[in-house]
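The values are calculated or read from the model by the stated rules, or taken from the named source; none is laboratory data. Keep in mind the model is a prediction, meaning the values are calculated, not measured. Glycine gets a Cβ as well: all are built from the backbone with ideal geometry, and neighbour counts include every protein chain shown. SASA here: full protein model, heavy atoms, side chains in, ligands and nucleic acids out. Shrake-Rupley method; radii C 1.70, N 1.55, O 1.52, S 1.80 Å.
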Amino acid sequence: MFLTVLVLLLFNARCYGNPEQPCSLKDHLLKEIERNLVELKSIPVHTPEYRGHHAANYIRWGKSSCPQDSTLVYDGYAAGHHYAIGGSGSNFLCLPKNPEWKDYVDGHQFAKGRLYGVEYEIFHNKPYPKSFLDKDMPCAVCLTSKSTALMIPGKINCHEGWHKEYSGYLMSEYSSKGRFPSEYICVDEKLESIPGGDGGRNEAVVYSVEAACGSLKCPPYVNGRELTCVVCSK
């Protein structure tokens, strides 16, 4: 308490007689807040731009190119965690074909995360041809001139006022005890694979996703039916 009073007395003594300075700690703090707000407003917020407009990006899974109305940023290899090994990340990444290295130690080290190439696990001819079984998945990072991009599960068309980038089917890790979870991704309906990528290593893998009735309302959903998806922009 004594220290607080002393600080206030010293502060008031410093600004006493100076009409350009506030003579209370409260006034001083308010002035500082106002000054900081002015400075914050003057800081430009940078968002991606495409031909002078705000832009959005998205990943087109299962393809090495972008739709006609979007620009290819880069294409690469879909990668994720090993289906049978815990840890690392649960999301999938689109790794570029031309990696750059900095500080590193070659060889597998203790206590590290790991990324593996993603393979299709397709055992039936719907929704994708069975010929893609064990083939590696490509990906493309795309830039759209629209300001936002959104993946909508269970749809193949966009809502009114939205632009369709591509549609396909949901894929994820296999639903089974002992498997580790992954994210759900929207894989293009016109599937592609990486040339020469058919080794069947079974490391990072994805399967089509079907609806499971119960807490999920059926109808409108149908038990065991493969789920569609669409990526939309606006």
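Structure data summary
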read-out	value
Candidate set: segment 212-229, residues that are among the hydrophobic types (A, V, I, L, M, F, W, C) and buried (at least 19 other Cβ atoms within 10 Å of the Cβ); chosen: the one farthest from TYR58 (Cα to Cα)	LEU227
Candidate set from segment 61-99 (those that are assigned to a strand (DSSP E or B) and open to solvent by 60 Å² or more (accessible area, probe 1.4 Å)); member that is nearest to SER172 (Cα to Cα)	LEU93
Test result for PRO219, in a loop (DSSP other than H, G, I, E, B), in contact with a Ser or Thr (Cβ under 7 Å, 6 or more places away or on another chain) and either farther than 13 Å from VAL118 by Cα or among the aliphatic types (A, V, I, L, M) (or both)	no
Strands (runs of 3 or more DSSP E) completely within segment 101-195 that count 3 or more residues being surrounded by 20 or more Cβ atoms within 10 Å (Cβ to Cβ) and of a type in the set (D, E, K, R)	none
Which numbered condition ALA204 fails, given (1) exposed (fewer than 15 other Cβ atoms within 10 Å of the Cβ); (2) at pLDDT below 90	(1)
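One line per residue, one yes/no per condition, for (1) among the β-branched types (Val, Ile, Thr); (2) at pLDDT 80 or above:
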site: GLY168; (1), (2): no, yes
site: MET171; (1), (2): no, yes
site: SER175; (1), (2): no, no
site: ILE185; (1), (2): yes, yes
site: LEU191; (1), (2): no, yes
site: PRO195; (1), (2): no, yes
site: GLY199; (1), (2): no, no
